[in-house]
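Here's the structure, in structure tokens; my notes come after.
The values are calculated or read from the model by the stated rules, or taken from the named source; none is laboratory data. The shown structure was predicted, so the numbers you read here are calculated from the model rather than taken from an experiment. As a convention, Cβ positions derive from the backbone with ideal geometry for all residues, glycine included, and neighbour counts pool all protein chains shown.
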Amino acid sequence: MITAGLRSTVPPPPLPPRSRERYAGALTVHTAHGERMRSHDGRELWLREIEPGDVAALRRCFTRLSPEEIRRRFLHAMSELPMPMAQRLCTIDPVRETALVLVDESVRPAEIRGVGRIYVDDAADSAEFSVLVEHAWARVGLGLLLMQRLVDDCRRRGLAELWGYVLLENRPMLELCRELGFTRRLMPDEPGTAQLTLRL
Ligand SMILES: CC(C)(COP(=O)(O)OP(=O)(O)OC[C@H]1O[C@@H](n2cnc3c(N)ncnc32)[C@H](O)[C@@H]1OP(=O)(O)O)[C@@H](O)C(=O)NCCC(=O)NCCS
């Protein structure tokens, strides 16, 4: 039996490093191809804007998502990413959208491990975000990195707000947004959903 006295003599285990120290703050090299990023555990990814040629990789990325991850990202169930939708997601109008991908070129064909995007609503002087990191690459700071880049992009565009709908069960995203300073508003018409907003 562990007594209270004994427990106090055992040093607590070291805390894991925060996400921002695991990847987002890792080595970055800027090139014409995008930004090459290397994590502290040696994994390398390219951060760049999405391209029309990413359709096949985006659809393969979708097949690696769990039903729960799909519902959290799209706010409803989907069994596949239809070709017209994938084409639409990879062909952006830069005036109204930004879409960033994290590409793993250590495999052939190269695979998309994360996507972050915004849609600008000029009338409201704001943009709506969405973000996704595939499970095998989660919890190393990539979601935070993508969201920080989207926040930077919205500031560059001179927008007043960045916002998105997040399911209340989606603790990872609620925590991530809390770290970035987003505020949460419940949606009376959409039970189980919150609107998260960051004043820029
Ligand atoms: C939400 C999501 C993008 C997070 O991506 P990620 O790369 O794993 O997140 P990060 O590693 O950058 O974590 C950043 C912070 O988010 C929070 N967080 C992330 N995963 C978490 C988890 N499983 N539990 C609790 N907090 C979590 C933590 O505060 C974390 O900081 P810390 O590690 O220093 O504690 C990813 O889980 C995902 O793609 N989910 C499915 C799609 C989705 O929910 N999208 C959001 C709605 S559009």
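Quick check on Ile118: is it in contact with a Ser or Thr (Cβ under 7 Å, 6 or more places away or on another chain), part of a strand (DSSP E or B) and modelled with pLDDT of 95 or more? When the stated conditions are applied, Ile118 passes them. Return yes when Arg199 is more than 11 Å from the ligand (Cβ to nearest atom), surrounded by fewer than 14 Cβ atoms within 10 Å (Cβ to Cβ) and either over 26 Å from Arg38 (Cβ atoms) or among the hydroxyl-bearing types (Ser, Thr, Tyr) (or both) and no when it is not. For Arg199, the condition - more than 11 Å from the ligand (Cβ to nearest atom), surrounded by fewer than 14 Cβ atoms within 10 Å (Cβ to Cβ) and either over 26 Å from Arg38 (Cβ atoms) or among the hydroxyl-bearing types (Ser, Thr, Tyr) (or both) - is met. The residues on offer are Ser126, Ser130, and the sole one that is closer than 19 Å to Pro67 by Cα and in contact with a Phe, Trp or Tyr (Cβ under 9 Å, 6 or more places away or on another chain) is Ser130.
Residues in the range 146-176 that are within 19 Å of Thr98 (Cα to Cα) and within 14 Å of the ligand (Cβ to nearest atom): Leu146, Met147, Gln148, Arg149, Leu150, Val151, Leu162, Trp163, Gly164, Tyr165.
Matching residues to (1) surrounded by 18 or more Cβ atoms within 10 Å (Cβ to Cβ); (2) without any contact (Cβ under 8 Å) to a residue 12 or more places away in the chain:
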{"site": "Glu49", "(1), (2)": "no, no"}
{"site": "Gly53", "(1), (2)": "no, no"}
{"site": "Ala57", "(1), (2)": "yes, no"}
{"site": "Phe62", "(1), (2)": "yes, no"}
{"site": "Leu75", "(1), (2)": "no, no"}
{"site": "Ser79", "(1), (2)": "no, yes"}
{"site": "Pro82", "(1), (2)": "no, yes"}
{"site": "Gln87", "(1), (2)": "no, no"}
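The number of residues in the range 124-133 that are more than 7 Å from the ligand (Cβ to nearest atom) and closer than 13 Å to Cys61 by Cβ comes to 0.
Counting only strands (runs of 3 or more DSSP E) wholly contained in the range 126-200, the ones carrying 1 or more residues that are among the basic types (Lys, Arg) and modelled with pLDDT of 95 or more occupy 183-186, 193-199.
Would the range 121-139 turn up any residue that is β-branched (Val, Ile, Thr), surrounded by 22 or more Cβ atoms within 10 Å (Cβ to Cβ) and in contact with a Cys (Cβ under 8 Å, 6 or more places away or on another chain)?
no
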